[in-house]
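Single-structure report; data block below.
The values are calculated or read from the model by the stated rules, or taken from the named source; none is laboratory data. On a predicted model such as this, the values are computed, not experimentally measured, just so you know. Every residue, glycine as well, gets a Cβ built from its backbone with ideal geometry; the counts of neighbours run over all protein chains shown.
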Amino acid sequence: MKPDQIQTEEELAAFVETHDTAQLWEAMQEEDASRLRVRRRRQSAVRVPVTAETLRELREVARQRQVPLDQLLRDWVTQHLQREKRAA
């Protein structure tokens, strides 16, 4: 994949993990770097009531994994949905 073909955060992460980007950044002009901006998917918020104890436990898991609580929950929901799709 070429840098100007990157469309998502996942593609950008994969590119950075598999390429030496130092030379790329040095060679790029400021306007070229703007092509690497990633389009974010629209997101919606959902309110899910939980007990104080559940919230405390969720925050502890997020703290242990060193991720924000919203990211932990988003990842868990996404993973569960993927499992559901595979099982269907």
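What to note about this one:
- The residue of the stretch 1-54 that is modelled with the lowest pLDDT, among those that are of a type in the set (S, T, N, Q) and under 23 Å from the mean Cα position of the chain (by Cα), is S34.
- Considering (1) touching a helix residue (DSSP H, G or I) at 6+ places or on another chain (Cβ under 7 Å); (2) at pLDDT 95 or above; (3) not hydroxyl-bearing (S, T, Y), the lone condition that P68 does not fulfil carries the number (2).
- Qualifying residue in the stretch 78-85 (condition: free of Cβ contacts under 8 Å to residues at least 24 places away in the same chain and over 21 Å from the mean Cα position of the chain (by Cα)): no
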